Amino acid sequence: MALGGAHAAETNDLAAVYRANCAACHGVDRLGAMGPALLPESLERLKPDALRDVLRHGRPATQMQGFAGVLSEPVLDQLVSWLRTAPAATPHWEADDIRASRTVIHASGSLPGRPAFDTDPLNLFLVVESGSHHLNVLDGDKLEPIHRFATRFALHGGPKFSRDGRFVFVASRDGWISKYDLWNLTLVAEIRVGLNTRNVAVSDDGQWVMAGNTLPQTMVLLRADDLSLARIYPVVGKGGRSSRVSAVYDAAPRGSFIAALRDIPEVWEIPYATLEPRVIALDTVLDDFFFDQPYRHILGASRAGGGQVIDLDAGHKVADLALSGMPHLGSGITWYRGGREVMASPNLKMGQLSVIDMESWQTVATIPTNGPGFFIRSHEATPYAWTDAMMSPRRDTLQIIDKQMLKVVGTVTPSPGRTAAHVEFTRDGRYALVSLMEPDGAIVVYDAATLREVKRLPMDRPVGKYNVFNKTTRSSGTSH
Ligand code: DHE
């Protein structure tokens, strides 16, 4: 990052301050370059104090250095507000920009078609280390790392695997979609589909990759083999209003993609066969989705609270869900209890889990927890579900719920005072891997039956972890 900003700071012209100090890394137009984009959408999740702190003191272990003493305190404060203001000219990211951003490192078919290691390729885990932006590949049998990829800045959403588990596709918040070959442990191709992206989905037939953006308000379809651009869908509703995409999902049993939209009361379904959107009108905006295993129904929550069940075949609402607080349906899971399928969802605002009957859509239990939480996880081979309280002062605890009794039967605290959340099981369900989401954090491995800690693998703020088998077989205990 260029220094020499003192003079510009004196002029108090913030655009000049930016050009002199930030543009070399973050791009003249703030769209990102070596450093991340600095647009209001990109900075949404950083608290004002955190942004001020980064500008003053930089980010450890990155090229971002601090500007305290280089720029005056008032200029630093003004820069915080300026960065949170949209540029005068609306940033664009069109088909030509997308195409020009694509890099293919290994052409399709050019790499060996068998794993370069002798461990079970279906029992690999990918761990997103958000501290230093890496993907760690773990051998799920030996519970040891076998590789570490540097990634784009701030991956978000689950990595999506090809059906055979060989390829994995990840999205960064800045719009980069990267494809890795896990058998050859290499990056295959990359493309930037937008300036601010939510997530990515991969069609079960292996043909397509769909990304959902908030800036611009589009969905972008890519060919899965080489990430080349196939089509851009501007997300404009029936009333002419455009919308940010909340997330795109692959509905494999339906042979389609489904999109949750943030600003308009519609659900879009895009079948692989036609690639033409089918629009389902809703009576309210629903943007956090859970799907039943056949992908016949969406359980959707609105940010205002409350939920509905949408029958995707019929194309309309079939039930209301009696839910309070802010249920996080997107991370729900299902299992069978007394011959009936139930679904459990954590709650981002209340210390409780809601358990819903998947036929009657009634809430069959509300299980009190240590506090509002983000994720719940289980596996077909374990009687327990694990949930966190990461939105609360008890963020260092995970609670273990008996799936038949619907009661908390255990608690683990990997490191007192430190955030622990997001669980994923080994292929056989024997071990539960928990993220200690701290800069000097770890993946903490528990015996899923005894709840005893087995080992700790040091990592840099690990967030999510994803087991190839559980994901590609669409285990009902994990997200898809
Ligand atoms: Fe996520 C998945 C939305 C903040 C970690 N998150 C998802 C998905 C959605 C979503 C729609 C499912 C997409 C997918 O997997 O393809 N997340 C949101 C938000 O709206 C929210 C609250 C605010 C935002 O600005 O995005 C949000 N998410 C966070 C975080 O702060 C987390 C904890 C840390 C981070 O890295 O951003 C976070 N989100 C995750 C993780 C998954 C995820 C780990 C994948 C879950 C999985 O196991 O599949």
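Return yes when residue 148 is modelled with pLDDT of 95 or more, of a type in the set (D, E, K, R) and within 16 Å of the ligand (Cβ to nearest atom) and no when it is not.
Details: modelled with pLDDT of 95 or more: yes; of a type in the set (D, E, K, R): yes; within 16 Å of the ligand (Cβ to nearest atom): no.
Taking the combined requirement at face value, the residue does not satisfy it.
Scan the stretch 158-167 residue by residue and report those that are within 13 Å of the ligand (Cβ to nearest atom) and touching a Lys or Arg at 6+ places or on another chain (Cβ under 7 Å).
161 - this is the single residue of the stretch 158-167 that is within 13 Å of the ligand (Cβ to nearest atom) and touching a Lys or Arg at 6+ places or on another chain (Cβ under 7 Å).
Scanning the stretch 128-139 turns up at least one residue that is closer than 20 Å to residue 248 by Cβ and within 13 Å of the ligand (Cβ to nearest atom).
I need the strands (runs of 3 or more DSSP E) fully contained in the stretch 278-379, keeping only those with at least 1 residues that are among the aliphatic types (A, V, I, L, M) and at pLDDT 95 or above. Give the derivation first.
Values: elements: 278-281, 288-291, 297-301, 307-311, 316-321, 333-337, 340-345, 352-357, 363-368.
By residue number, 278-281, 297-301, 307-311, 316-321, 333-337, 340-345, 352-357, 363-368.
Evaluate the following for residue 274: is it without any contact (Cβ under 8 Å) to a residue 12 or more places away in the chain and either assigned by TED's automatic domain parsing to the domain that holds residue 371 or farther than 22 Å from residue 476 by Cβ (or both)? Against the criterion (without any contact (Cβ under 8 Å) to a residue 12 or more places away in the chain and either assigned by TED's automatic domain parsing to the domain that holds residue 371 or farther than 22 Å from residue 476 by Cβ (or both)), residue 274 qualifies. The residues in the stretch 313-355 that are in contact with a helix residue (DSSP H, G or I) (Cβ under 7 Å, 6 or more places away or on another chain) and more than 15 Å from the ligand (Cβ to nearest atom) can be counted, and the count is 0.
Counting only residues that are away from the ligand (no atom under 16 Å from the Cβ) and either of a type in the set (Gly, Ala, Ser) or within 21 Å of residue 160 (Cα to Cα) (or both), the stretch 443-480 holds 2 of them. Selection of the stretch 294-312 for residues being out of contact with any Lys or Arg (no Cβ under 7 Å at 6 or more places or on another chain) and within 16 Å of the ligand (Cβ to nearest atom) yields 298, 299, 300, 301, 302, 303, 304, 305, 307. Please determine, by comparing only the residues of the stretch 382-400 that are assigned to a strand (DSSP E or B) and within 20 Å of the chain's Cα centre (by Cα), which one is farthest from residue 348 (Cα to Cα). Per the criteria, the residue is 386. Just for the stretch 449-480: of the residues that are among the charged types (D, E, K, R) and touching a His at 6+ places or on another chain (Cβ under 8 Å), which one is nearest to residue 154 (Cα to Cα)? Among those residues, the one meeting the criterion is 460.
State which residue is surrounded by the fewest Cβ atoms within 10 Å (Cβ to Cβ) when the search covers only the stretch 75-122 and only residues that are of a type in the set (Ser, Thr, Tyr) and under 28 Å from residue 193 (Cβ atoms).
Of the stretch 75-122, the ones of a type in the set (Ser, Thr, Tyr) are 81, 85, 90, 101, 103, 108, 110, 119.
Narrowing the set further to residues that are under 28 Å from residue 193 (Cβ atoms) leaves 85, 90, 101, 103, 108, 110.
Details: 85: 10, 90: 8, 101: 17, 103: 12, 108: 12, 110: 11.
Among residues in the stretch 75-122 that are of a type in the set (Ser, Thr, Tyr) and under 28 Å from residue 193 (Cβ atoms), the one surrounded by the fewest Cβ atoms within 10 Å (Cβ to Cβ) is 90.
Residue under question is residue 463, and the condition is that it be at pLDDT 95 or above and closer than 22 Å to residue 342 by Cα; does it hold? No.
Those strands (runs of 3 or more DSSP E) of the stretch 401-465 in which at least 1 residues are aromatic (Phe, Trp, Tyr) and under 27 Å from residue 134 (Cβ atoms), considering only elements entirely within it, cover 420-425, 431-436, 441-447. Within the stretch 311-339, the set of residues being under 13 Å from residue 359 (Cα atoms) and in contact with a Phe, Trp or Tyr (Cβ under 9 Å, 6 or more places away or on another chain) comprises 318, 319, 320, 321, 334. Under the condition of being without any contact (Cβ under 8 Å) to a residue 40 or more places away in the chain and either closer than 16 Å to residue 157 by Cα or within 16 Å of the ligand (Cβ to nearest atom) (or both), the residues counted in the stretch 222-243 number 2.
Residues of the stretch 272-289 that are more than 16 Å from the ligand (Cβ to nearest atom) and among the β-branched types (Val, Ile, Thr): 274, 279, 280, 284. Once the stretch 202-221 is narrowed to residues that are closer than 25 Å to residue 115 by Cβ and surrounded by 22 or more Cβ atoms within 10 Å (Cβ to Cβ), the residue that is farthest from the ligand (Cβ to nearest atom) is 203. Would you call residue 419 within 16 Å of the ligand (Cβ to nearest atom) and without any contact (Cβ under 8 Å) to a residue 12 or more places away in the chain? So residue 419 fails the test.
The values are calculated or read from the model by the stated rules, or taken from the named source; none is laboratory data. All values derive from a computational prediction rather than experimental measurement. Every residue, glycine as well, gets a Cβ built from its backbone with ideal geometry; the counts of neighbours run over all protein chains shown.
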